[in-house]
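Working notes, beginning with the structure itself.
Bear in mind these aren't lab numbers, they're just calculated from the coordinates by the rules spelled out. Note that the structure is a prediction, hence the values are computed from the model and not measured. So basically every Cβ, Gly included, is an ideal-geometry build from the backbone, and we count neighbours across all protein chains shown.
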Number of protein chains: 2
Amino acid sequence: MIDVATQSAWMEELLVDLVQAPTELGHEDAGQAIMARAMAECGLEPRDVWLDAEALREHRHAAPFSWEVSGKRNVVATWPAAAPGGRSLILNGHIDVVPPAAAELWHSPPYVARREGDWLYGRGAGDMKAGLVAILGAVRALREAGVALCGDVHVQSVVEEECTGNGALQCLIDGMSADACVLAEPHPDHLTIAQVGVLWFHVEVAGEPVHAAYATTGHNAIEAAHTVLGALRELESELNSDPPAPYDEVTHPINLNPGVIAGGDWTSTVAAQCTLSCRLAMYPGTDPAQLRRLVEATVARAAQRDPFLAAHPPRVRYDGFTCEGSVVSLDEPLVRVLSDAYARVHGAAPGLRPTTATTDARHFVRNGIPAVCFGARAQAIHGIDERVSLASMHDCARVLAHFICDWAGVAG
Amino acid sequence: MIDVATQSAWMEELLVDLVQAPTELGHEDAGQAIMARAMAECGLEPRDVWLDAEALREHRHAAPFSWEVSGKRNVVATWPAAAPGGRSLILNGHIDVVPPAAAELWHSPPYVARREGDWLYGRGAGDMKAGLVAILGAVRALREAGVALCGDVHVQSVVEEECTGNGALQCLIDGMSADACVLAEPHPDHLTIAQVGVLWFHVEVAGEPVHAAYATTGHNAIEAAHTVLGALRELESELNSDPPAPYDEVTHPINLNPGVIAGGDWTSTVAAQCTLSCRLAMYPGTDPAQLRRLVEATVARAAQRDPFLAAHPPRVRYDGFTCEGSVVSLDEPLVRVLSDAYARVHGAAPGLRPTTATTDARHFVRNGIPAVCFGARAQAIHGIDERVSLASMHDCARVLAHFICDWAGVAG
């Protein structure tokens, strides 16, 4: 019997430390330092996989990025097989978190880990620092129990899952591979076997600035951006009208989100510019280049509704996610072996579900490494008062510990 | 015959220096240093009138402001009367400029003074650094010609005309007064005898942030802000439906401008917040407090159209202009004497017009000092490639020189 409970205190302390590191984009390293230390506390030798801007910009599956990535690292470690004959495994999680949305709406500061009963509150607690902790908790429990495996187990703490996926991609460029991958995303009670692709695009809408006293002689970019958004909402409706399997059983699978808007530079000047940053999903099988063309055609169509915009067409810029969806066959041994491990802990098999989100799983699937998501139970990810169930984190570690042994095989 | 042409080179050099000082809000002092030097070059003794945050916050006609004003000064100087019996005068201009709207759309950088024929390009060239130059050009020409006056002439270079009017107000709090005031705003060919009031308000709209993958379970503040804007546009229409004189002869006198928008903090998070900053005008005679109530009622009405907003009502915040309109009687001696001076230079009387903008004139009018605007010919103020006619600046100086003599009376 595998006893992960020996790691409970260590895991909860690690989660608190990780949550209190505000690892937003560009500030991931405080979290990676903690992960390196924690991997060492598992008896592993952590290694840095540095992001290589040039290699990423040349890679056809990298997402475009306008920011600096030099000096940014994934932290990885390998628990090497003690004997041959087993299957290798990647256990992956991301250290980066999204911003708090509205810090003043939180009941406690987003980067203070607050415990209330079984819930641990904080930005990133669920998405997905508890998943990183569950991975290391499982590995540490097995190693302290003297387990030796027949396959390599690689743990990965990657950056930029929330904006590009280029962290996980860098690990693959670096040569990391395995027979399967589990991403400990906050997908509890089920394995995620399909995911959408995601496109981030930024529509830059022009206006004609004039003094507000003569506003009707100008053209307001803020209102023009709304015209464009209206057309994009129509595209979203079209994309949801006839979903292919497995998304035909999902309500509203394709979500358009105008996530950030910024326009104008003076209250008494008609806005000259407005940038609307959107996230739009696509089904597995859709080429992201095809969705880009659809978005551009939609923006162009919106511009035709307005003579000023027709003469000053909005520009669509890409920065962040340009990624395809992916699907894992239900026949994959990974699905069966992980389901069995789950059933060993929970008494019943997990669900097998598609998600309307994207994750780093696509990179592994694209490289021939079957990959599913499974993790702790979280609430309000990307929302206010994000929280994770500590019991579910410990359960997840227990499932992973069983799975590691079953997948890699125990030596001797 | 008054010869202002002696000052042409000095004036044009001064204008170039002023335009190249990027005196946006919070950065006015580079311009005020130049103005102090220029006043000294007129043989005047410049004096600083420091903004007093406490005095302003207590003043019922000050506009609210959230930024630091300590260390911010108006620069003023008095040309004292050499003999009694004449009328005193304030010649006023503002040193602050609005931001460039979209610097990359300019044909030359906004804070590089570029001359092309009669046009001098640059942010603030017209609004209203050419006006400040015309004032000093007139004063310097008269003083160098040995003119002595029977009334004091006060020149004022004030801050914050573009956002609060608190600079000019501070001069009045400081005790400056006169029998009339001319503001050398870019209102050519006419005297501006009425102006609207202006309210700046900032609507803070709440959303319910969730992961973009489940966007329909949240509430997007960016789109909610547009709902609010729709209701405000209805209010604008109502306000334009039956304009009182003198605005009954003006097309669309009341302009609402959504000048700045900022919302959301992550492309893949449903926006939790959106702030829409608006400028809305009011007719002379409207109490700004009454317009505030109308705006708040309109925002509340918009919120009732949406269950989420009804439960999370948008907040209206005031920062910047809260100012009434003002009107000067056509019977004022100021109007006749300045019109006569204009006719002396141009051969015909100027128009007498209301404007759909606000200016610092209201503070003087409220304090019993008749005040009109008259100045150089500008194009694209608050727009792209703002420019001013140098010939019109020199003409304006000529008119002001005549007017100063006629109004104050020449001694001896």
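Here are some notes:
- Multiplying each eigenvalue of the alpha-carbon gyration tensor of the stretch A:154-257 by 5 and taking the square root yields semi-axes of 40, 22, 10 Å, largest first, rounded to whole angstroms.
- Separation between Cα centres of the stretch A:334-412 and the stretch A:166-225, rounded to whole Å: 25
- One decimal place: the segment A:Ala82-A:Thr227 gains 46.0 nm when fully extended, by the rule 0.36 nm per residue minus the C-alpha distance.
- The other copies place their B:Trp50 label points at 5.2 nm from this one, listed shortest first, where each point is 7 Å from Cα along Cα→Cβ.
- Label 7 Å beyond Cα on the Cβ vector: A:His27 copy-to-copy distances, nm: 2.7
- Solvent-free Debye calculation, one equal scatterer per alpha-carbon of the stretch B:1-133: log10 I(q)/I(0) at 0.12, 0.18 Å⁻¹ equals -0.58, -1.12.
- Between the beta carbons of B:Gln379 and A:Glu234, assuming R0 = 30 Å, the FRET efficiency works out to 0.15 to the nearest 0.05.
- P(r) weight above 16 Å for the stretch A:350-391, C-alpha pairs, percent: 54
- The C-alpha atoms of chain A define a longest principal axis, and helix A:333-346 lies at about 70 degrees to it.
- Degrees, to the nearest 10: B:29-41 long Cα axis against longest axis of chain B: 10
- Relative contact order computed over chain B (Cα-Cα under 8 Å; 6+ residues apart), in percent: 25
- DSSP finds beta bridges in chain A, and of those with both partners inside it, around 75 percent are antiparallel.
- Inter-chain shielding of B:214-226 (mean C-beta neighbours from other protein chains, 10 Å cut-off): 5
- Pseudo-label separations to other copies for B:Val337 - Cα-to-Cβ vector, 7 Å, nm: 9.8
- Selection from B:Leu56, A:Ile254, A:Ser389, by position along the positive dipole direction of the protein assembly as shown (Cβ): A:Ile254
- Of all the options A:Ala130, A:Ala102, A:Ala21, the one that moves most in a Gaussian network model of chain A with Cα springs shorter than 10 angstrom is A:Ala102.
- Alpha-carbon centroid distance for the pair the stretch B:1-50 / the stretch A:24-79, whole angstrom: 55
- Ranked by the mean number of other Cβ atoms within 10 Å of their residues, highest first, the peptides A:136-147, A:201-212 fall in the order A:201-212, A:136-147.
- Mean residue ellipticity (222 nm) of the protein assembly as shown, computed from DSSP H runs ≥ 4 via -39,500 (n - 2.57), nearest 500: -10000 deg cm²/dmol
- Burial ordering of A:Val4, A:Val372, B:Val410, B:Val133, fewest other beta-carbon atoms within 10 Å first: B:Val410, A:Val4, A:Val372, B:Val133
- Comparing mean-square fluctuations of B:Arg336, B:Arg60, B:Arg73 from a GNM of chain B with C-alpha springs under 10 Å, the top value falls on B:Arg60.
- Student exercise, chain B dipole from Lys, Arg, Asp, Glu Cβ charges, in Debye to nearest 20: 220
- Relative contact order (%) - the stretch A:186-235, alpha-carbon pairs under 8 angstrom, separation at least six: 27
- Mean per-residue shielding of peptide A:97-107 is 5, counting Cβ atoms of other chains within 10 Å of each Cβ.
- Restricting attention to the stretch B:29-175, close to 65% of DSSP beta bridges with both partner residues there are antiparallel.
- Taking the Cα centre of the protein assembly as shown as origin and assigning +1 to Lys and Arg Cβ atoms and -1 to Asp and Glu Cβ atoms, the resulting dipole is close to 200 debye.
- In summary, the lysines within cross-link reach of B:Lys129, defined as a Cα separation below 19 angstrom excluding same-chain residues under 8 places away, comprise B:Lys72.
- Order of A:Leu352, B:Leu239 - criterion: other Cβ atoms within 10 Å of each residue's Cβ, fewest first: A:Leu352, B:Leu239
- Charges were assigned to the Cβ only: +1 to each Lys and Arg, -1 to each Asp and Glu. The resulting dipole of the stretch B:150-191 about its Cα centre is roughly 80 debye.
- Going by neighbour counts of Cβ atoms within 10 Å, the residues A:Ser8, A:Ser157 line up, fewest first, as A:Ser8, A:Ser157.
- When only alpha carbons of chain A are considered, Rg and Dmax amount to 22.7, 84 Å.
- GNM result for chain A, Cα springs below 10 Å: residue of A:Trp67, A:Trp106, A:Trp200 fluctuating most strongly: A:Trp67
- Ellipsoid equivalent to the protein assembly as shown - semi-axes via the Cα gyration tensor, in Å: 67, 25, 23
- Axis of helix B:130-144 versus longest Cα principal axis of chain B: the two differ by about 20°, to the nearest ten degrees.
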